[in-house]
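Shown next, in structure tokens, is the structure this report addresses.
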Amino acid sequence: MLNISYQDANYLRDSLANVNFLCFQSEIINIFKRYVSDFKEKHKGDEKIEILLPDILNIMIGKKELELHYFEINNEIMGITNPQDSSNLKDKLKNNYLF
């Protein structure tokens, strides 16, 4: 979902999300670099535009430069992207795992 705002927070809090964990072979990184370089050249001077990994992946799949495989994770996902996630994650780790 793009253009998320604070007004969407309550709606999104109770929604399912698609969480991706992507791993790539090292030679794919050079292809990514080419796409990013081309994107920067095409959009030179545009400070607001951003390149999105799913867009690159879709192009690469369409050109048969990449084949993706997936598997489902049935475990609980612990977020790490929001400031409050840090304390929540520490609590979960402290209470559920022995170190």
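The values are calculated or read from the model by the stated rules, or taken from the named source; none is laboratory data. Quantities reported herein were computed from a predicted structural model and do not represent experimental measurements. Cβ placement follows ideal geometry from the backbone for every residue including glycine, while neighbour counts extend to all protein chains displayed.
What residue, of ILE29, ILE80, is within 20 Å of the chain's Cα centre (by Cα), modelled with pLDDT under 90, of a type in the set (A, V, I, L, M) and in a loop (DSSP other than H, G, I, E, B)?
Details: ILE29 fails: in a loop (DSSP other than H, G, I, E, B).
Just a single option satisfies the conditions, and that option is ILE80.
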Quiz item: Is there any pair linking a residue in the range 11-22 that is at pLDDT below 70 to one that is not charged (D, E, K, R), with Cβ under 6 Å and at least six apart or on different chains, and which?
Solution: VAL19/ILE77
